[in-house]
2 protein chains.
Amino acid sequence: MSCSQEYTPQLRARGYRMTPQRHAILHVLSHSGKHLSPGEVYAKAQKQVEGLTEATVYRTLEFLAENGLARPSHIGSGHLVYEIANHEHHHLKCRNCGDEMEVEHSLLKTMYQKLESASGYQLTDSHVTFFGLCPDCQKSEDV
Amino acid sequence: MSCSQEYTPQLRARGYRMTPQRHAILHVLSHSGKHLSPGEVYAKAQKQVEGLTEATVYRTLEFLAENGLARPSHIGSGHLVYEIANHEHHHLKCRNCGDEMEVEHSLLKTMYQKLESASGYQLTDSHVTFFGLCPDCQKSEDV
DNA sequence: TTCCTTATTGCAAGTTTTTGCAATAACACA
DNA sequence: TGTGTTATTGCAAAAACTTGCAATAAGGAA
Ligand SMILES: [Mn+2]
Ligand SMILES: [Mn+2]
Ligand SMILES: [Zn+2]
Ligand SMILES: [Zn+2]
């Protein structure tokens, strides 16, 4: 399966081009299945594309995010990580131990509608991280 | 009003110290009333503290955030900005024109509860940015 | 007030991320 | 299949952010 080749028409339709660099980066993202930092993407994609640059990786990740093929995420720490954009979801992260879980978008559905009618904004899919204490860390909290 | 002096006891109680650097940075944050980048904070605080370093600004902002006195925020762009922590709120940002508005936390209240019972997590105040199209940009979207 | 402990800072050297620009290569079209 | 337009890349330099460490100073105790 040429996996990321399916993205070519999407890019073409918007006047953009498919390149070996973009192909490799899409490949890396879609096979990893988790959030990757630009550095991690670079390390993996480099093996497929001779002479790939870090600058290109940064630019490409931002490009893919702008065009809806990748999703950027702030999982704490102030550093962006990326993942392939397939299913719409959000995250819960423990401030104490760093544990992290996914949340179905459906749980936020009605809240999104409330936000939309209250603000007039039309919400597109965000990819949000909520912070809190995981069940385990709540227990150890009771000194 | 010595404004940020009121934070001293909060720091002491946790075994930390109030310093001219922290005082100045708190002062800058609490008087600006909006999100500031580390660079902006540095530029303003520098005028009050001789020899203030950028490294100190970065460390201090992170420190204040960890201790609940400042709130970090990702308003798109992958770069952290900070604001003083007073009222709990979130943001709506237009992907097209960059317009931005605040959202009361109360609008997310029931969704937070739903998340908590579904996950077992105990949510602390996040400071979330949702993306979408503002009313104006929705109109111009209809080509 | 003075002394002591240690949290905090500045410095300087890393690392990461961004940017301008000229060279390259997709790909539309002849 | 060849050619031209221009989106995309690599390069190199800049800007933003992080880190280790020794010097400094906050503030508790005497
Ligand atoms: Mn995710
Ligand atoms: Mn805010
Ligand atoms: Zn935890
Ligand atoms: Zn707008």
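The values are calculated or read from the model by the stated rules, or taken from the named source; none is laboratory data. Computed from a predicted model, the values in this text were never measured in an experiment. Because the Cβ atoms are built from the backbone with ideal geometry, glycine has one as well, and the counts that use them run over all protein chains shown.
Structure summary
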read-out	value
Residue in the range A:71-80 that is facing another protein chain (nearest Cβ under 9 Å), in contact with a Gly (Cβ under 6 Å, 6 or more places away or on another chain) and over 17 Å from B:Ser77 (Cβ atoms) present	no
Scope the range A:125-139; condition modelled with pLDDT under 90 and more than 7 Å from chain B (Cβ to nearest Cβ); matching residues	A:Asp125, A:Lys139
Candidate set: the range B:48-65, residues that are acidic (Asp, Glu) and modelled with pLDDT of 95 or more; chosen: the one surrounded by the most Cβ atoms within 10 Å (Cβ to Cβ)	B:Glu62
Residue among A:Leu92, A:Leu61, A:Leu80, A:Leu115 that is of a type in the set (A, V, I, L, M) and closer than 22 Å to B:Gly120 by Cβ	A:Leu92
Search result, residues across the range B:113-122 that are at the interface with chain A (Cβ under 7 Å from one of its Cβ atoms) and surrounded by fewer than 18 Cβ atoms within 10 Å (Cβ to Cβ)	B:Lys114, B:Ala118, B:Gly120, B:Gln122
Which listed residue, of B:Gly39, B:Gly78, B:Gly15, B:Gly98, is at pLDDT below 95 and within 13 Å of DNA strand D (Cβ to nearest atom)	B:Gly78
Any chance A:Phe63 is within 14 Å of another protein chain (Cβ to nearest Cβ) and within 16 Å of DNA strand C (Cβ to nearest atom)	yes
Inter-residue pairs, beta-carbon under 6 Å, first without any contact (Cβ under 8 Å) to a residue 12 or more places away in the chain and closer than 15 Å to B:His91 by Cβ and in the range A:116-132, second in a strand (DSSP E or B) and not aliphatic (A, V, I, L, M), 6+ apart	A:Tyr121/B:Gly132; A:Leu123/B:Phe130; A:Leu123/B:Gly132; A:Thr124/B:Phe131; A:Thr124/B:Gly132
